[in-house]
Amino acid sequence: MKKILLLLLCVPLIGFGQVPGCTWLGTGRVADNLKEYISYNEAKKIVHSLKIRNWREWKVYFKSGKKPNDIPNAPAGFYKDKGWIIAEDWFYKK
């Protein structure tokens, strides 16, 4: 059902030169389920290399605009069935 609804929302926009994949009413925002992200292990390596240690630091990082677009802002939800274990695994440990 979701895919049918999404298709109904996207098809009219394609005729107006919108990017395939459907941006929401010209805002440039692509639905989260249509974004492509790197694997959990690749993303975790980046987080560890930046020495991000907790959710507070993670939030500062992703709001700074420095986070690559191919890493989700909410990794626990996106990677839930794709490698996510617990937050302590995601964040850097000394």
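The values are calculated or read from the model by the stated rules, or taken from the named source; none is laboratory data. The shown structure was predicted, so the numbers you read here are calculated from the model rather than taken from an experiment. Using ideal geometry, Cβ is built from the backbone for each residue, glycine included, and neighbour counts are taken over all protein chains shown.
Values as computed for the structure displayed
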item	result
Some residue of region 60-82 being touching a residue at least 40 places away in the same chain (Cβ under 8 Å), of a type in the set (A, V, I, L, M, F, W, C), part of a helix (DSSP H, G or I) and touching a Phe, Trp or Tyr at 6+ places or on another chain (Cβ under 7 Å)	yes
Top-ranked residue in region 83-94 [being assigned to a loop (DSSP other than H, G, I, E, B) and hydrophobic (A, V, I, L, M, F, W, C); ranked as surrounded by the fewest Cβ atoms within 10 Å (Cβ to Cβ)]	Ile86
Qualifying residue in region 6-19 (condition: surrounded by 10 or more Cβ atoms within 10 Å (Cβ to Cβ), in contact with a Phe, Trp or Tyr (Cβ under 9 Å, 6 or more places away or on another chain) and either in a loop (DSSP other than H, G, I, E, B) or modelled with pLDDT of 95 or more (or both))	no
